[in-house]
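Each remark here refers to the structure printed beneath this line.
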């Protein structure tokens, strides 16, 4: 499992890259991997949020982009204190969203071009990521 996550991190860059698994039946979000355990230790579990982030990422399967801390604070689970911006990319097939990849950057880091490029990189790793999430 570690190998596919490290390969994704190498391709995506970002300050911190992390992987979430959604447990809908148990109502929990699991942090299963982080590229920097000193900033975002794993494994960890928290209750599944019910907010616009969870609707957008978990239900609708759309990416969530926030370019300043006030845009994601209290919405996005498992974000390091060093994050200035956050991008969540849903991870699933045919509307069945199993988890998400979070990429953290400096404030103002993400734009539509960068989101498209990162989504394309995730598509390359999708099958391995889904297999690793079980």
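Can you tell me how many residues in the range 13-39 are farther than 15 Å from residue 80 by Cβ and within 12 Å of the chain's Cα centre (by Cα)?
Counting residues in the range 13-39 that are farther than 15 Å from residue 80 by Cβ and within 12 Å of the chain's Cα centre (by Cα) gives 5.
Does residue 98 qualify as being in contact with a helix residue (DSSP H, G or I) (Cβ under 6 Å, 6 or more places away or on another chain), in contact (Cβ under 8 Å) with a residue 40 or more places away in the chain, more than 20 Å from residue 15 (Cα to Cα) and outside any strand (DSSP E or B)?
Details: in contact with a helix residue (DSSP H, G or I) (Cβ under 6 Å, 6 or more places away or on another chain): yes; in contact (Cβ under 8 Å) with a residue 40 or more places away in the chain: yes; more than 20 Å from residue 15 (Cα to Cα): yes; outside any strand (DSSP E or B): no.
Judged against the criteria, residue 98 is not a match.
Check 81, 65, 46 and return the single one that is out of contact with any helix residue (DSSP H, G or I) (no Cβ under 9 Å at 6 or more places or on another chain) and over 21 Å from residue 130 (Cα atoms). Explain how you work it out, then say what you get.
Working: 65 fails: out of contact with any helix residue (DSSP H, G or I) (no Cβ under 9 Å at 6 or more places or on another chain); 46 fails: over 21 Å from residue 130 (Cα atoms).
Selected residue: 81, the only one of 81, 65, 46 that is out of contact with any helix residue (DSSP H, G or I) (no Cβ under 9 Å at 6 or more places or on another chain) and over 21 Å from residue 130 (Cα atoms).
Please list, ordered by residue number, the strands (runs of 3 or more DSSP E) wholly in the range 1-61 having 1 or more residues that are within 21 Å of residue 110 (Cα to Cα). Before you say what the answer is, go through the steps one by one.
Working: elements: 16-23, 28-34, 44-47.
It comes to 16-23, 28-34.
Give the range 81-95 a look and list any residue that's touching a strand residue (DSSP E or B) at 6+ places or on another chain (Cβ under 9 Å) and either loosely packed, with under 11 Cβ neighbours inside 10 Å or not in a loop (DSSP other than H, G, I, E, B) (or both), or say none. Outline the logic, then answer.
We begin by selecting, within the range 81-95, every residue touching a strand residue (DSSP E or B) at 6+ places or on another chain (Cβ under 9 Å); these are 82-92.
Within the range 81-95, 85, 86, 87, 88, 89, 90, 91, 92 qualify.
If I ask for residues that are touching a residue at least 24 places away in the same chain (Cβ under 8 Å), on the phi < 0 side of the Ramachandran plot and out of contact with any helix residue (DSSP H, G or I) (no Cβ under 6 Å at 6 or more places or on another chain), which ones from the range 7-18 would you list?
Hits for the range 7-18 are 7, 9, 15, 16, 18.
So, in the range 101-134, how many residues would count as being assigned to a loop (DSSP other than H, G, I, E, B) and either closer than 19 Å to residue 10 by Cα or under 15 Å from the mean Cα position of the chain (by Cα) (or both)? Write out each step before concluding.
Start the filter on the range 101-134 by keeping residues that are assigned to a loop (DSSP other than H, G, I, E, B), which leaves 106-111, 134.
Right, trim to either closer than 19 Å to residue 10 by Cα or under 15 Å from the mean Cα position of the chain (by Cα) (or both) and you get 106, 109-110.
Residues that pass the stated criteria total 3.
Of the conditions (1) in contact with a helix residue (DSSP H, G or I) (Cβ under 7 Å, 6 or more places away or on another chain); (2) at pLDDT below 95; (3) surrounded by 15 or more Cβ atoms within 10 Å (Cβ to Cβ), residue 105 clears all except one; give me its number.
(1)
The values are calculated or read from the model by the stated rules, or taken from the named source; none is laboratory data. Worth saying up front: this structure is predicted, and the values here are computed from it rather than measured. Quick reminder, even Gly has a Cβ in these numbers, built from the backbone with ideal geometry, and neighbours come from all protein chains shown.
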